Amino acid sequence: MAQQVCAMGVNKIVLADTIGVATPDRVYELCSMMRREFPNVDFALHLHDTRGTGLANTMAGLMAGITAFETSIAGLGGCPFAPGAAGNTATEDTVNMMKDMQIETGINLEQLLSVVKLVSQKVDAPVNSHMAKAKLYECLQ
């Protein structure tokens, strides 16, 4: 499929684990192979945290050279094909991991956590963020 869309001029592709069953070794292997096979394509990852591997898979993608990740505030979201599954990998968990690794994201974590707090109070949906569950946004005030 990547060969077909690249032949049409596509130069950006998002690799997705929409039901959250990927493992870090498979993410690393796939991302490495795709970057090798399609060196002129910018790749991004869209990962879910169904089995608690969202951050580990993000790290595997990062180690394979991926630098763009689709995430969501408070881990909101889900997949209609995986009822009851956790949502997307949380933006604040991803940013916090990157910050601890001294990788610049351009995102102010403290401001992001204030948004997470607001969202977690306003939405009628499960909040799947590790930082929100631990209420780490309260530690920053």
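The values are calculated or read from the model by the stated rules, or taken from the named source; none is laboratory data. Small disclaimer: the values here were computed from a predicted structure and weren't measured. With ideal geometry, Cβ positions are generated from the backbone for all residues, glycine too; neighbour counts draw on all protein chains shown.
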* in a helix (DSSP H, G or I), under 13 Å from the mean Cα position of the chain (by Cα) and either within 21 Å of residue 60 (Cβ to Cβ) or not small (Gly, Ala, Ser) (or both): does that describe residue 92? -> yes
* Asked: Based on what the data block shows, is residue 82 assigned to a loop (DSSP other than H, G, I, E, B), out of contact with any Leu (no Cβ under 8 Å at 6 or more places or on another chain) and small (Gly, Ala, Ser)?
  -> yes
* Asked: Has segment 69-88 got at least one residue that is touching a Phe, Trp or Tyr at 6+ places or on another chain (Cβ under 8 Å) and either closer than 18 Å to residue 107 by Cα or modelled with pLDDT of 95 or more (or both)?
  -> no
* For segment 22-41, name all the residues that are loosely packed, with under 14 Cβ neighbours inside 10 Å and not basic (Lys, Arg). => 25, 29, 33, 37, 39, 40
* To do: Confirm whether residue 105 is touching a residue at least 24 places away in the same chain (Cβ under 8 Å) and either in contact with a helix residue (DSSP H, G or I) (Cβ under 6 Å, 6 or more places away or on another chain) or of a type outside the set (Phe, Trp, Tyr) (or both).
  => no
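Determine which member of the set 60, 22 is under 21 Å from residue 77 (Cβ atoms), part of a helix (DSSP H, G or I) and touching a residue at least 24 places away in the same chain (Cβ under 8 Å). Spell out the reasoning first.
Details: 22 fails: part of a helix (DSSP H, G or I).
Of 60, 22, the one residue that is under 21 Å from residue 77 (Cβ atoms), part of a helix (DSSP H, G or I) and touching a residue at least 24 places away in the same chain (Cβ under 8 Å) is 60.
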* Asked: Taking residue 43, is it touching a Lys or Arg at 6+ places or on another chain (Cβ under 8 Å) and at pLDDT 95 or above?
  -> yes
* Structure fact -> Residue count, segment 42-86, condition in contact with a helix residue (DSSP H, G or I) (Cβ under 8 Å, 6 or more places away or on another chain), crowded, with 18+ Cβ neighbours inside 10 Å and within 15 Å of residue 103 (Cβ to Cβ), comes to 10
